[in-house]
1. So what does log10 I(q)/I(0) come out to for segment 381-456 at q = 0.18, 0.25 Å⁻¹, using the Debye formula with one equal point on every Cα and no solvent?
2. Counting residues in the chain as N, plug N into 2.2 N^0.38 Å and put the Cα Rg over that result.
3. Excluding residue 368 itself, what net charge comes from residues whose Cβ is under 15 Å from its Cβ, given Lys and Arg +1 and Asp and Glu -1?
4. Excluding same-chain residues fewer than 8 positions from residue 34, which aspartates and glutamates have a Cα within less than 19 Å of its Cα?
5. Take peptides 113-125, 81-93 and line them up by average Cβ neighbours within 10 Å, highest first, as a rough protection proxy.
6. Taking the Cα atoms only, what angle lies between the long axis of helix 401-422 and the longest principal axis of the chain, rounded to 10 degrees?
7. Tell me, what is a quarter of the convex hull surface for the C-alpha atoms of segment 272-322, in nm² with one decimal?
8. Can you run phi through the Karplus equation (6.51, -1.76, 1.60; θ = phi - 60°) for segment 33-43 and list ³J(HN,Hα) in whole Hz, with x for Gly and Pro?
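Derivation of every value follows stated rules applied to the coordinates shown; laboratory data play no part. The model shown is predicted, which means the values in this text are computed figures rather than measured ones. Every residue, glycine among them, receives a Cβ derived from its backbone with ideal geometry; neighbour counts consider all protein chains shown.
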Amino acid sequence: MKKLIALFITSFLLFLTGFAQPVIYINQVGFDSKGPKTAVIGANHKLSGKTEFYLINTINNKKEFTGDLGNSQSIDEWTPGKIYYRADFSSFQKSGKYQVSVVIDDKTYTSFPFEIEENALAKLTISSIIHYYNKQRANTPGELAADAHMHMVGSDKTVDMRGGWCDASGDVSKYFSHLAYANFVSPQQTPLVVWSMVSASESIPKLLAKWNIKDSLDNEALYGADYMMRALSKDDYFYMIVFSFFNKDPNARRIVGLHANSVTTDEYQCAFREGGGMAIAALARISQWKKNGEFTSQQYLDGAKRAFAHLLINNTKYDDDGKENIIDDYCALMAATELWIATDSSLYRDEARKRAQNLNKRMTAEGYFISNDGNRPYWHAADAGLPIVALSRYLAKEKDETLRTEALTTIKKALDYNIAVTNKVSNPFGYARQSFLYKGAVQDGFFIPHDNETGWWWQGEDARLGSLATAALVGGRLVYPAKGNWGTKAPLADFASQQVSWILGCNPYSICFMYGFGKNNVPYMHSNFGHGSERGGVSNGITGKKGNGDGSGIDFKTEDEGNEWRWTEQWIPHAAWFLQAITAMADEK
């Protein structure tokens with residue numbers, strides 16, 4: 001532990017002082033042999049002339065690739081005076097373990113070792129992601145006993161809420177979604193995890209079986225489906241939150257709705273955007289496996305149908321402001337699409353088409369979506385890629401050419417925008433940028449605005465990066481199909497690779513945010529009931545500078561008087577979106 005703390009202090013001091021020496025920033029885990037591969041070299045001055053970099057085989061210490069560094073870049077908003085160069089070795093595909101090496105001012109600098117292999121990231125990390133969720137199960141004796149007779153806030157009535165996953169390494173609560181009161185910021189949590197597992201299992205079944213992890217992934221998905229069935233009330237809505245109050249007594253837990261600052265309410269019914277839509281989607285999709293957990297596959301499908309029918313009537317009653325917005329649209333689209341695929345019913349077809357058209361209408365000339373009926377650009381700290389993913393999933397079923405063209409046009413505009421806004425400024429790390437409304441004006445930035453509808457919530461955005469990487473690949477294959485580069489054009493493949501590499505260590509702090517991998521991890525975080533950080537979990541990550549309402553600047557803290565969770569806490573949506581991204585990169589052919 002002392003060694004780890006010393007390592008963090010050293011890394012942080014190097015960052016603050018502009019680095020006393022050149023640094024090689026790189027994905028500290030691995031690269032898919034057929035995908036893009038880049039590192040970033042940071043220096044304190046502009047390099048003169050052409051500078052070469054090398055790929056060194058760690059087994060025999062031989063140079064196996066030589067390339068030229070790209071043009072100099074800078075990010076004055078983050079590191080004034082610092083100069084960056086990209087080292088691109090995408091053309092190198094030989095499997096092995098390597099390091100990037102560069103000579104600057106007659107001194108040799110070498111990166112942390114990494115692997116290159118076919119389907120490297122999926123092979124290296126999925127088993128640990130499954131492990132992470134398995135260890136996040138709310139299945140200790142105390143939790144199971146308390147959850148079997150869970151009280152609703154302000155009521156003596158109890159329901160069985162056993163199962164599910166603890167939401168974060170510092171929070172043993174269980175959420176379908178939180179921040180519902182803020183209307184435009186609701187993330188998809190437990191239901192997204194289940195849908196992601198089902199999607200991964202269906203996308204690369206042969207690889208998962210080859211690596212002897214398919215049964216484990218499927219069992220984890222069925223475990224999540226069983227929890228969602230218990231959370232489905234007799235009145236056909238889902239209970240949104242089992243809240244721990246951060247109390248060490250499991251019997252203190254209650255079914256609640258939440259407002260700011262952990263103020264509890266009895267508004268615990270899930271709208272489409274509050275986890276209801278993704279829960280329906282996950283149950284409908286897993287029902288097609290014809291596998292039973294503690295509930296049967298038919299019960300999964302019947303539960304999805306019941307919940308969908310209920311929300312068609314009651315959704316705006318559960319939306320905190322009484323109005324649907326873009327999150328309702330893409331979550332309801334997912335729900336209707338999966339039910340349409342499962343049943344081939346015209347009811348779900350028509351609802352899916354309606355929601356897809358709603359998303360089409362929200363697209364602007366600039367290429368970003370509008371969240372509301374006004375002028376608020378859609379941005380999201382966790383699910384920014386979900387509108388594109390939902391439309392892409394819808395197109396797996398939709399055969400009408402006119403409707404397909406409309407949805408494909410929306411996907412194309414959104415992806416073009418993501419690339420354009422990201423490359424609008426010098427951006428050597430390729431970090432995905434976004435547009436948002438701040439003090440009445442639309443502006444672009446790297447990180448989400450800290451002054452937002454929640455009144456207090458902002459954190460690292462590793463889930464957002466995973467969702468956008470997923471969108472770039474699954475959407476890109478539909479609108480920009482190409483050979484190589486994971487099936488889409490190079491700029492989208494590069495974009496996807498850079499988001500995942502940022503999570504795995506190619507960021508200005510050289511932190512690998514997947515615990516148990518790479519050179520530098522965030523400190524271990526303890527939680528109640530024996531839970532806490534686990535190998536394969538992904539932490540929140542890097543943010544804009546604390547105190548900057550517009551999210552400008554850059555920050556990462558391991559201590560902040562109890563608020564270090566904004567950067568260091570593992571959160572279940574991060575690993576769910578990371579799983580989707582690396583699954584999209586994998587190729588069974």
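1. Those come out to -0.86, -1.15, one per q.
2. Its radius of gyration relative to the 2.2 N^0.38 Å reference: 0.93.
3. +3
4. List returned: 64, 88, 115, 117, 118, 494, 587, 588.
5. On the way: 113-125: 21.2, 81-93: 18.0.
Result, highest mean first: 113-125, 81-93.
6. 40
7. Its average projected convex-hull area is 3.4 nm².
8. 4, 8, x, x, 9, 9, 10, 10, 9, x, 9
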